[in-house]
Amino acid sequence: MPHYGDYQNAIYFAGLSGIVPEWPVDHATLRARAEAHWSPSVRDYVQGGCGDERTQDINATAFAHWGMVPRMMVDTATRDLSATLFGHRLPSPLFMAPIGVNGICTDDGHGDLAAAQASSATGVPFCASTLANDPLEAVRAACGEIPALFQLYTSRNPDVAASIVARAEAAGYAALVVTLDTWVTGWRPRDLNTGNFPQLRGHVLANYFGDPAFRALLTRPPEEDPQAAVATWAATFGRVLTWDDMAWLRSLTRMPIILKGICHPDDAHRAIDCGADGIYVSNHGGRQANGGIAAIDLLPAVAEAVAGRVPVLFDSGVRSGTDLIKAVALGADLVGLGRPYCYGLALGGAAGCAHVLKCVLAEADLLMAVNGWPTLAAVRAAGARRV
């Protein structure tokens, strides 16, 4: 039976013929090469966070103060990393978190399709963003047989919101991920210092410009008057959601609804009481609000509140396979990878993205092998401790 960790064997044996990986296997080098590859505007938008970026930084560094204890004399010759989500059996708990500028992260401007193709190649589900350079239908098709999630930025115009959700359901997405913390953009100095906001320049708005309900708001189509279309998008983006809106959201779709941005156990309880089918623990990678607590430190209390009633998804600060396993140990059912796969997109499109996913999964698999955890259930039983 092949294991994700076998990816390192392929690298080592290729090395005997003088072949080294085309792309880095470690996060630091991967990040540095992507930053050097991108234009300053793309680099700063992808890498930037809110305020002085402290919350963004501690999201990643906080994993270091969680440690796990290995167990010996356990047969881990066979490992099972499989997970489930709404009846879909997944080969691992890893998924690609939604990133609204995937489209401009590749040289050809089709990063959304490239991420979907990487999903198809690796079996790692992709959570497609509303903000994209390619239509959501084409992105879903590129995922092939692998389940995909669709992340919604809820428009202030109810007809536009309903239309986009209906399109996602018709395209075959497995669940709707509703982002709660981005009805307005947080204070991002890197972008403010250069006056750069990609959407206002017409980027990643394909799902709006091609949507019939959005086009009905325009006097001329986006192809003829792109500036007016961008202005209409800016005027209608970002509905403030409250608990009272859950009934409306539910009326839009039969897809399971996952609420993204839940960080407090009381909010997790209320979300489930209001009909949420999944809880997504995330502080948006520190891009939306500064001065917060690392998302990984918030995960255990939320997972305890959920108590297995619905799936718990997690992202923010995940940089490696070790981070992936720690998040599972602390209560996540699925774990989202963000910027690292974006770096892979920058350097190698779909193939570069797939390489990053394979590296993360290989590290996770090998960690389970040497630490005596043959299954994710064993990882959860082992848990993690503050160190």
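The values are calculated or read from the model by the stated rules, or taken from the named source; none is laboratory data. Note that the coordinates shown come from a computational prediction; the quantities given were computed from them, not determined experimentally. Neighbour counts run over all protein chains shown; Cβ positions are idealised from the backbone, glycine included. What goes into the accessible areas is simple: the full protein's heavy atoms, side chains included, and nothing from ligands, DNA or RNA. Shrake-Rupley method; radii C 1.70, N 1.55, O 1.52, S 1.80 Å.
Table for the structure above
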{"quantity": "Flag for residue 156 being closer than 23 Å to residue 239 by Cβ and of a type in the set (Lys, Arg)", "calculated": "yes"}
{"quantity": "Some residue of region 93-103 being over 24 Å from residue 281 (Cα atoms), buried (at least 24 other Cβ atoms within 10 Å of the Cβ) and modelled with pLDDT of 95 or more", "calculated": "yes"}
{"quantity": "Identity of the residue in region 233-252, assigned to a helix (DSSP H, G or I) and closer than 22 Å to residue 199 by Cα, that ends up farthest from the chain's Cα centre (by Cα)", "calculated": "235"}
{"quantity": "Test set (1) in a loop (DSSP other than H, G, I, E, B); (2) surrounded by 18 or more Cβ atoms within 10 Å (Cβ to Cβ); (3) among the aliphatic types (A, V, I, L, M) - residue 46 fails condition number", "calculated": "(1)"}
{"quantity": "Filter result (open to solvent by less than 50 Å² (accessible area, probe 1.4 Å), part of a helix (DSSP H, G or I) and closer than 30 Å to residue 57 by Cβ) within region 188-219", "calculated": "189, 191, 198, 199"}
{"quantity": "Residue list for region 220-238, filter: surrounded by fewer than 13 Cβ atoms within 10 Å (Cβ to Cβ) and acidic (Asp, Glu)", "calculated": "223, 224"}
{"quantity": "Any hit, region 262-278, residues being touching a residue at least 60 places away in the same chain (Cβ under 8 Å), small (Gly, Ala, Ser), on the phi < 0 side of the Ramachandran plot and crowded, with 20+ Cβ neighbours inside 10 Å", "calculated": "yes"}
{"quantity": "Scan of region 125-177 for residues that are of a type in the set (D, E, K, R), closer than 21 Å to residue 230 by Cβ and surrounded by fewer than 21 Cβ atoms within 10 Å (Cβ to Cβ), ordered by number", "calculated": "156, 159, 167"}
{"quantity": "Region 12-28, residues that are open to solvent by 60 Å² or more (accessible area, probe 1.4 Å) and either part of a helix (DSSP H, G or I) or not aliphatic (A, V, I, L, M) (or both)", "calculated": "12, 13, 17, 18, 22, 26, 28"}
{"quantity": "Tally of residues being part of a loop (DSSP other than H, G, I, E, B), over 20 Å from the mean Cα position of the chain (by Cα) and farther than 23 Å from residue 357 by Cβ across region 52-86", "calculated": "9"}
